[in-house]
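The values are calculated or read from the model by the stated rules, or taken from the named source; none is laboratory data. Bear in mind that the values here come from a model prediction, so they are computed numbers and not experimental data. Heads up, the Cβs are rebuilt from the backbone with ideal geometry, glycines too, and the neighbour counts pull from every protein chain shown.
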């Protein structure tokens, strides 16, 4: 059973505009969330994280928002660049080492 | 640092054969994870080790799958016998005790079972 869901398998955005990637989870025990970015033929790389005590975390062009009541998080990329084209995975953990990943959203930034 | 190293990068084998995937974690990392990526289920955690000890193997799909970590610098994932439905990309990842939430992934092994 998928505890972390990314319902949009793909997203296309014009360069310079905002990209919004969404993620929903079902387990209320999750208290730490991450986003990973994956290029073809490479392993995922860590992008940004947020703990449940916050509702927003920002790192440069990347911002993650957490809505605990809705069990929803989102990743905003502003402005989007062609190099951001990749598959983005969200992941969640109830604590410790174990993380549950979503199925990924493929982002294409059109020049 | 070379990062997490996986071998082979690609493996093509026939149904029924034994397959062994190898992983060398980043030096100093004390947790190691094996994942399988499929289109339908995304990244599934198969098993993870902490200080070379298997902590949770509930994600291992069947008894055909086994994993070992004989020391801090090496782990194997074995499939015996392999089946076509095992075809996927298998990732190994490691994390340090100081940043347990940030996992560093290897490049993956693309397994094709015909």
Exercise for the section: May I ask you to list the residues in region B:35-54 that are surrounded by 15 or more Cβ atoms within 10 Å (Cβ to Cβ) and closer than 15 Å to residue A:100 by Cα? Expected result: B:35, B:36, B:37, B:42, B:43, B:44, B:45, B:46, B:47, B:48
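Report whether or not residue A:64 is over 21 Å from residue B:91 (Cβ atoms), surrounded by 13 or more Cβ atoms within 10 Å (Cβ to Cβ) and touching a helix residue (DSSP H, G or I) at 6+ places or on another chain (Cβ under 9 Å).
Numbers: over 21 Å from residue B:91 (Cβ atoms): yes; surrounded by 13 or more Cβ atoms within 10 Å (Cβ to Cβ): yes; touching a helix residue (DSSP H, G or I) at 6+ places or on another chain (Cβ under 9 Å): no.
No; evaluated as a whole, the condition is false for this residue.
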Practice task
Tell me, please, whether a residue that is more than 20 Å from residue B:2 (Cβ to Cβ) and facing chain A (nearest Cβ under 10 Å) can be found in region B:57-79.
Solution key: yes
Fill in the blank from the handout: A careful count of residues in region A:4-47 that are within 22 Å of residue B:104 (Cα to Cα) and assigned to a loop (DSSP other than H, G, I, E, B) gives 9
Handout entry: Residues that are facing chain A (nearest Cβ under 9 Å) and either more than 23 Å from residue A:38 (Cβ to Cβ) or not in a strand (DSSP E or B) (or both), drawn from region B:103-114
Key = B:103, B:106, B:107, B:108
Problem - Residue count, region B:84-102 (criterion: within 13 Å of another protein chain (Cβ to nearest Cβ), modelled with pLDDT of 95 or more and either more than 16 Å from the chain's Cα centre (by Cα) or in a loop (DSSP other than H, G, I, E, B) (or both)) - result: 0
Problem - Check on residue A:59, surrounded by fewer than 13 Cβ atoms within 10 Å (Cβ to Cβ) and at pLDDT 95 or above - result: yes
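So which residues in region A:67-104 are part of a strand (DSSP E or B) and either surrounded by fewer than 22 Cβ atoms within 10 Å (Cβ to Cβ) or away from chain B (no Cβ under 14 Å) (or both), if there are any at all?
Restricting attention to region A:67-104, the residues satisfying the condition of being part of a strand (DSSP E or B) are A:67, A:72-77, A:86-93, A:100-101.
Once the filter is applied, which keeps residues that are part of a strand (DSSP E or B) and either surrounded by fewer than 22 Cβ atoms within 10 Å (Cβ to Cβ) or away from chain B (no Cβ under 14 Å) (or both), region A:67-104 yields A:67, A:72, A:73, A:74, A:75, A:76, A:77, A:86, A:87, A:93, A:100.
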